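No lab work stands behind these numbers, since they all come straight from the coordinates. All values derive from a computational prediction rather than experimental measurement. Every residue, glycine as well, gets a Cβ built from its backbone with ideal geometry; the counts of neighbours run over all protein chains shown.
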Amino acid sequence: MEMHPKKRIDIVLEAPVLKRLTDLLDRLDVTGYTVLPVLGGKGHHGVWSREGLPSSAGAMVSVTVIAAEENLDAVLEPVFALVKRHIGIVTVSDVAVLRSDRF
Amino acid sequence: MEMHPKKRIDIVLEAPVLKRLTDLLDRLDVTGYTVLPVLGGKGHHGVWSREGLPSSAGAMVSVTVIAAEENLDAVLEPVFALVKRHIGIVTVSDVAVLRSDRF
Amino acid sequence: MEMHPKKRIDIVLEAPVLKRLTDLLDRLDVTGYTVLPVLGGKGHHGVWSREGLPSSAGAMVSVTVIAAEENLDAVLEPVFALVKRHIGIVTVSDVAVLRSDRF
Amino acid sequence: MSILDLAFQNIVSPMVLFFALGVAAALIRSDLSVPEAAAKLLALYLMLAIGFKGGAEVAKSGVDAAMALTIGAGILLSFSIPVIGYALLRLTTRLSGVDAAAVAGHYGSISIVTFVAATEALKSLGLAYEGYLIAVAAVMETPAIIAALLLARRGAPAEAGGESTSALLREVATNGSVVVLVGSFLIGWATGAEGMAMIAPFIVDPFRGILCLFLLDMGLVAGRGLRQGGRSLSPALIGFGIYFPLLSAALTGLMALGLGLSVGGTALLITLAASASYIAVPAAMRLALPEANPAIYLTLSLGVTFPFNLTLGIPLYAALAQRIAG
Amino acid sequence: MSILDLAFQNIVSPMVLFFALGVAAALIRSDLSVPEAAAKLLALYLMLAIGFKGGAEVAKSGVDAAMALTIGAGILLSFSIPVIGYALLRLTTRLSGVDAAAVAGHYGSISIVTFVAATEALKSLGLAYEGYLIAVAAVMETPAIIAALLLARRGAPAEAGGESTSALLREVATNGSVVVLVGSFLIGWATGAEGMAMIAPFIVDPFRGILCLFLLDMGLVAGRGLRQGGRSLSPALIGFGIYFPLLSAALTGLMALGLGLSVGGTALLITLAASASYIAVPAAMRLALPEANPAIYLTLSLGVTFPFNLTLGIPLYAALAQRIAG
Amino acid sequence: MSILDLAFQNIVSPMVLFFALGVAAALIRSDLSVPEAAAKLLALYLMLAIGFKGGAEVAKSGVDAAMALTIGAGILLSFSIPVIGYALLRLTTRLSGVDAAAVAGHYGSISIVTFVAATEALKSLGLAYEGYLIAVAAVMETPAIIAALLLARRGAPAEAGGESTSALLREVATNGSVVVLVGSFLIGWATGAEGMAMIAPFIVDPFRGILCLFLLDMGLVAGRGLRQGGRSLSPALIGFGIYFPLLSAALTGLMALGLGLSVGGTALLITLAASASYIAVPAAMRLALPEANPAIYLTLSLGVTFPFNLTLGIPLYAALAQRIAG
Ligand SMILES: Nc1ncnc2c1ncn2[C@@H]1O[C@H](COP(=O)(O)O)[C@@H](O)[C@H]1O
Ligand SMILES: Nc1ncnc2c1ncn2[C@@H]1O[C@H](COP(=O)(O)O)[C@@H](O)[C@H]1O
Ligand SMILES: Nc1ncnc2c1ncn2[C@@H]1O[C@H](COP(=O)(O)O)[C@@H](O)[C@H]1O
Ligand code: NA
Ligand code: NA
Ligand code: NA
């Protein structure tokens, strides 16, 4: 089947900031995003786990955005500006999709 | 360590259809799949969130399939035929595995 | 934006072994990891689902590690030695990050 | 108590107010939320409790011809209400055939929480009801789904369908909420007063409080739906969400004349007919009619008809029942 | 009440029927499910409640030599039952050494839900029991794991093991279910009747209802296991899942002759010995003996032995206890 | 009962002991855990129950000038305590301005679980309190967040901030826990004794038991925090976590002289002032002051101040209140 190259942006970010991130994505040139729960992790800010927390502070989420290659920088820059003040990481990788027009 | 190239298929799909997708995968030439919960997202069908829902309608899941490159089309075609009638997206990317015989 | 190539290691592993894996990662040369819940799946050991289980036996988790390319083997070898005795799979893929020094 | 008193008392009950709190929280974009797992646990509790209570009631009162008759009436209503709804929607709105079929299907099926709220209102009025109405609720869940499917096939024979109908029927018949409701009903029936004595402190005493929590959650979901999907609803469609339950109620009222139910039982049967599903049917529609837009049917059912029934509908249905069977 | 009456009454209790409902739902492939978080909350509740009640009971009755003796007997049973089970499995089935050790380990440990169901049955019979049997249940959870590990090492010294045994022992001893059970027992002991009065409306009144919900879930898991893992079980293995509990029960009955327990206490000790773990031990086995096939031990323990004990086993153990200590 | 008796009785209450069990389990690295969804459900229950009870109390007692006065005092305290705390932290510790502001903000806000534990202690002492103190608790949640933000801006005007303050204020004001607390309070007020009668078996009877479960979870989180974040806390900071609540208590005691509250009400107002938030404020701080280190403020509030208040603080505050208003 014919495939079209796109970019996949993965953002692991502290949960209280999620709404700001999705509000930002709404303003950017992306067709959508997917939010996954994260159970726990470790980074420069130490170890954490979602278990037992009755609040979103201390929890993380993972947000995936499939974007067109030509939009990559236009998306990455504001996303990174938001993420860098918070606990989180951003990675980018190559993916292929079937319906190019949808991303 | 010696690595073997494979294809990773990621399917974000509405939860009520999950059983049909896994039934389909059972019939195809794949050795397995992994299902992740999805908290929420946005696409052409609008914004949604899993929170508060007492039913699987309106919820999404993410299914990952690691497949041999030569099987890719044989897997993608029926999967895409199922997904395209529903709310969902399919992406494909390159991965490497250690035990080639297991996929 | 300037991006730096890294390796992404994804480990789908039975949940009771998670603590051993993270203890191992703590001893290796990685800056962090992220743990995602897994709802269910299928592999050589059969079909399983997290639903209804009051214990971690029979549940799976997915652990993602972003590592420097030069560390890949040093991380993969002990990780694989642990995983291969258990129910689980390991895949490796290419990603790019913005802040190279953080991984 | 007059019908107006009941309406007022109903509106200021903690249950309705917690629903309103949920809607308000969603509209002011509060981050208040109930985790999916918690919502499912609450829904499971409600269905288990209501099913068991109904069965225990039947164990006490015994089975009679009226039960078989009322169950038959329920199945008939669940099949025929979608047909009427579909015709009205096609006439009065611009919904596509598939969307109209999906919406109509929701109104043929039932909302178990509306049913539960009605039983609470009856309790305030001191009205008893036949325990087997739970069984009626259970049998009314699914015929409407089949009706919707047939309506959609008629409208767009090529498009609709896809997977085999028999696979769909199996999925619908083994739907979790139907299984719990029917199973708990049978267990309540089998174990009767003794079983009830054992688990009443769990399924009876805290029931209304847990219902409040669940309604808070339903309010959150409904409010979120209205905020996001409100634009999908035309005035004609919103009107349908209000007048169609009344129409179904009137129809059922007529039918009830021949069933010999008590006032409470009549009120519940009317409530079942007038209520619209938002748990079982939406999931089935995603399988059966994936082309139908969920923003339309979910928002209309949960955001318009459910609150209408919860506040004004139930007192009206009780008043209607009083006329018919009083 | 005769033993047959009890068996019958036990089988038609809401608890057992909800378990059966869960199994049935899984077998007809219903999408009914209990979210993992809800299942964990229910399990936590049950362990907290049963632990606390046991402790409060001990606070009332005081400590005596019989308590120490029974705890010692429990540890001994938990160690020795796996050894016998292993030998039988190797003789009568084709299980590998590691699989046989893992299965045997489950039968040395205990099922807290079976224990709880037995206490409910005793309540119907009007039989009291010593509160410290909760403590016995807690100490019996883990020795069996160590026994299984030693058996597997003996069978396949090179393969088995891997991580250090001391690390495993630490993990097993700090297992969450043991910690809650022991901790709640101690808190119940420390706060006694006063503490009980404070939290009884939570841990006593709705207990049986919540147990029903949990058993519905266990039925779902067991039914799913049978559907998927049923083929892993040979007839000889299924037989083991039924006769071995009876053997453990007989052995424990003999031992109980010297312990001076009440009839109720004897019945519970026998039940503990005859029950097989499906919460704590499977998780430990994944760490200790990853080569063992979970489809075998989980399906046998939860899909065969648990329902057997729930329905027929408990009445039999009560009858046996009546002979011994009556 | 003497203050020492109360302190002792308080420490050996099931609530405090379950908290201790949680801490112990975390420190021995048990895998015991409460799923996030379950913890959120428990927190929702506690806030709904406490809010409703407060509102129902006000419906009974009516509104008076003292209520307005005490609400005003609460707002004033929530604003001013962070200012004092910030100054002390800058003087006595090496925290950065942003970290000091974030920590101070937690102490201006309140811990609803500490409040609830204090109401339970008052019940043991037979002391009544004004129902509107729930409303005071609700209004004290957020001013402290604004104070912290202003303090941080003063300290590092360039760095701090980022997103617009008005967006933050909106997020803080619509915080889920505030919405549930205030909403349930209003519903309790509106439905009064009748509403209470309907849902008391859910929000009153099992309340203390559910609180035990929640405190077990809080203990697990606190213990894990201490194990992982303990190193972030200098002795001076740990000292602050103990003496600062006492200081806030003394300050509030003075203020209470002019409010005309009952002994119970005075004790609760003091407890609110002395308690530190660990649910609403940490989430707000991640948005408002992301540069502040969560390991510091969460560990100090939940790992040091919360257990101190739970065990020794509450009896002390009750004794202080007896002096002031007795
Ligand atoms: N090397 C890594 N690999 C995978 N995930 C990471 C890595 N580093 C950080 N993370 C994730 O990103 C979160 C925030 O990272 P940090 O800001 O470095 O504490 C961590 O809690 C992890 O969930
Ligand atoms: N560009 C995108 N990036 C990431 N996820 C997406 C994207 N578009 C759609 N999705 C996911 O796929 C789901 C269905 O998409 P759609 O059918 O376009 O509504 C959405 O709810 C998202 O979870
Ligand atoms: N081909 C595959 N694609 C995606 N996930 C897989 C695949 N094979 C195995 N898995 C995942 O890895 C788990 C363990 O695999 P196994 O050890 O083969 O049973 C499975 O339960 C799946 O969650
Ligand atoms: Na209906
Ligand atoms: Na046993
Ligand atoms: Na405070």
Practice prompt. Using only atoms on other chains, find how many Cβ atoms lie within 10 Å of each Cβ of peptide E:192-199 and report the average.
Written response: 5
Worksheet item: Given +1 on the Cβ of Lys and Arg, -1 on the Cβ of Asp and Glu, and no further charges, what dipole in debye does the stretch F:35-325 carry about its Cα centre, rounded to the nearest 20?
Response: 560
Item to complete: Set Lys and Arg Cβ to +1 and Asp and Glu Cβ to -1, take the dipole of the stretch B:4-102 about its Cα centre, and tell me which of B:S62, B:L39, B:G52 lies farthest positive.
Response: B:G52
Discussion item. Give me a comma-separated list of calculated 3J(HN,Hα) values for the stretch F:16-25, in order, Karplus coefficients 6.51, -1.76, 1.60 applied at θ = phi - 60°, integers in Hz, x for any Gly or Pro.
Written reply: 5, 5, 5, 4, 4, 4, x, 4, 4, 4
Item to complete: Can you tell me which of C:60-68, E:103-111 comes out highest on packing, and rank the rest after it, using the mean Cβ neighbours within 10 Å?
Response: E:103-111, C:60-68
Worksheet item: Measuring from a point 7 Å out along Cα→Cβ, what nm distances, shortest first, does D:L69 have to its partners in the other copies?
Response: 6.9, 6.9
Worksheet, complete the sentence: Correct semi-axes for the stretch F:99-208, from √(5λ) of the alpha-carbon gyration tensor and rounded to whole Å with the largest first, are 34, 17, 10
Worksheet entry | Ranked by how many other beta carbons lie within 10 Å on average, peptides F:33-40, C:25-32, B:31-38 from highest | F:33-40, B:31-38, C:25-32
Item to complete: Every other copy gets compared here: list the nm distances from the F:L4 label point (7 Å along Cα to Cβ) to its counterparts, shortest first, one decimal.
Response: 6.7, 6.7
Worksheet, complete the sentence: At R0 = 56 Å the Cβ-Cβ FRET efficiency linking B:H4 and D:A87, nearest 0.05, sits at 0.40
Response to the item:
Expressed in angstrom and ordered largest first, the alpha-carbon extents of chain C along the principal axes are 46, 27, 22
Fill in: Distance between modelled label sites at E:E194 and F:S234, nm, 7 Å Cα→Cβ extension
4.2
Response to the item:
So, in nm and shortest first, the distances from C:D73 to its counterparts in the other copies, with label points 7 Å along Cα→Cβ, work out as 3.7, 3.7
Worksheet, complete the sentence: Counting other chain Cβ atoms within 10 Å of each Cβ in F:240-250 and taking the mean gives 0
Discussion item. Run the simple label-point estimate for D:R29 and F:R170 please: 7 Å along Cα→C-beta, distance reported in nm.
Written reply: 0.3
Response to the item:
Here the averaged projected area of the stretch D:123-276, based on the convex hull of its alpha-carbon atoms and given in nm², is 12.7
Worksheet item: How far is helix C:72-83 tilted off the main Cα axis of chain C, in degrees rounded to 10, range 0 to 90?
Response: 10
Worksheet, complete the sentence: Note: F:183-191 gets an average of partner chain Cβ contacts (10 Å, Cβ to Cβ) equal to 5
Worksheet item: Can you give the Rg to Rh ratio for the stretch E:40-185, taking only C-alpha atoms and Rh from Kirkwood?
Response: 1.03
Worksheet item: Nearest 20 debye, what's the magnitude of the dipole of the protein assembly as shown about its Cα centre given +1 on Lys and Arg Cβ and -1 on Asp and Glu Cβ?
Response: 260
Fill in: For the axis carrying chain E to chain F: nearest C-beta residue of E, whole Å
E:A37, 2
Worksheet entry | Tail beyond 58 Å, pair distance distribution of the protein assembly as shown (Cα, percent) | 13
Worksheet item: Karplus couplings for the stretch F:59-68 from phi (6.51 cos²θ - 1.76 cosθ + 1.60, θ = phi - 60°), rounded to Hz, Gly and Pro as x?
Response: 4, 6, 8, x, 9, 9, 4, 4, 5, 4
Worksheet entry | Residue among E:V63, E:A273, E:A100 farthest towards the positive dipole end of chain E, charges placed on Cβ | E:A100
Practice prompt. Averaged over every viewing direction, what's the projected area of the C-alpha convex hull for the stretch F:257-326? Give it in nm², one decimal, please.
Written response: 5.4
Discussion item. Explain nothing, just the number: dipole magnitude of the stretch B:4-102 about its Cα centre with +1 on each Lys and Arg Cβ and -1 on each Asp and Glu Cβ, in debye rounded to the nearest 20.
Written reply: 260
Worksheet item: Rounded to a whole number of µm²/s, how large is the Stokes-Einstein D of chain D at 4 °C and 1.567 mPa s, given Rh as the Kirkwood radius over C-alpha pairs?
Response: 66
